[in-house]
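The values are calculated or read from the model by the stated rules, or taken from the named source; none is laboratory data. Computed from a prediction, not measured in an experiment: that's the story for all the values here. Glycine also receives a Cβ, built like all others from the backbone with ideal geometry; neighbour counts cover every protein chain displayed.
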Amino acid sequence: MNLVTDEKHGKIIDVGSFQHFIIMKEKLEKKMKCMLCFVNYPVIKKQFFVTNITNITNNDLQQNENITTLYALDPEARTFCFHDGKYGHTITNGAVYNRCSDIDFNSYYNGNFTVGIEGSRVGTIIDLGSSEDLKEKYKYSETVGNGQGFASIHRKNNTIFILKGNAYNNTFQVMDESSTLFQERSTASSSVILGHLYLVRITDHSNAAFERIVKMLVIAYRPNELVTIRWELLI
């Protein structure tokens with residue numbers, strides 16, 4: 001006669017008996033539960049991450065659309081259109097075509113932005129300096145990260161304004177560069193400098209109603225390779 005110990009109840013029982021069958025059945029059920037949990041873990045994990053992804057808000061996605069990287073050696077992505085937020089060139093039927101190029105990176109002059117490059121378009125680009133430069137010049141209060149100056153720059157008619165005093169007082173002052181921006185120019189270029197802010201104005205000799213004004217901030221730069229800008233149309 002073979003005997004085994006029932007660990008749960010502290011009893012010795014016969015192998016092959018009904019009691020032994022019940023014990024073995026309970027052990028098998030426990031093993032099956034463990035196996036099911038292990039097999040289902042990747043599915044549960046995948047569902048968890050999918051839920052997180054779908055919780056991204058439209059505001060986050062919209063914010064990312066105002067950050068663009070231009071690539072010096074890419075036939076499409078070295079120019080950019082502020083009107084629709086897409087690259088200025090397109091490859092169609094085996095050839096590169098201009099689609100809408102408001103600004104160019106590195107093609108006309110190494111390490112430069114160039115504007116006013118399409119047909120009868122003319123452009124002006126002004127390097128405003130860094131956030132620290134603007135804070136020092138216009139004597140307004142910044143917060144950690146120095147983003148208030150860039151955020152506050154806006155247009156009213158033919159005048160550009162920037163923050164005055166405290167960031168949350170909703171008071172502004174005229175920028176000295178405003179008058180220069182609204183002077184008629186031709187094709188214009190400016191050196192790309194990491195951390196600098198720029199104002200861009202593009203008009204059209206053949207269309208008096210056309211005007212495009214943009215503020216930009218260079219947030220990443222590798223010379224002769226790429227530049228990343230945060231930009232916003234000033235309407």
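Brief remarks follow.
- Looking across 194, 226, 199, one residue alone is aliphatic (A, V, I, L, M), touching a helix residue (DSSP H, G or I) at 6+ places or on another chain (Cβ under 8 Å) and within 18 Å of residue 105 (Cβ to Cβ). It is 199.
- Residue match in the range 141-162 (condition: under 24 Å from residue 79 (Cα atoms), in contact (Cβ under 8 Å) with a residue 40 or more places away in the chain and touching a Gly at 6+ places or on another chain (Cβ under 7 Å)): no
- Condition met for residue 127 (crowded, with 16+ Cβ neighbours inside 10 Å, outside any loop (DSSP other than H, G, I, E, B) and at pLDDT 95 or above): yes
- One residue stands out in the range 182-207 among those that are aliphatic (A, V, I, L, M) and part of a strand (DSSP E or B): the one that is nearest to the chain's Cα centre (by Cα), namely 197.
- Of all residues in the range 218-225, none satisfies being over 26 Å from the mean Cα position of the chain (by Cα) and assigned to a strand (DSSP E or B).
- Selection from the range 130-150 of residues that are part of a helix (DSSP H, G or I) and buried (at least 16 other Cβ atoms within 10 Å of the Cβ): 131, 134, 135, 138, 148, 149, 150
- Candidates 219, 235 - the one that is in contact (Cβ under 8 Å) with a residue 40 or more places away in the chain and closer than 24 Å to residue 107 by Cβ: 219
Residue-wise test of (1) over 25 Å from the mean Cα position of the chain (by Cα); (2) farther than 22 Å from residue 212 by Cβ.
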| residue | (1), (2) |
| --- | --- |
| 100 | no, no |
| 105 | no, no |
| 113 | no, no |
| 118 | yes, no |
| 121 | yes, no |
| 126 | no, no |
| 130 | no, yes |
| 134 | no, yes |
| 141 | yes, yes |
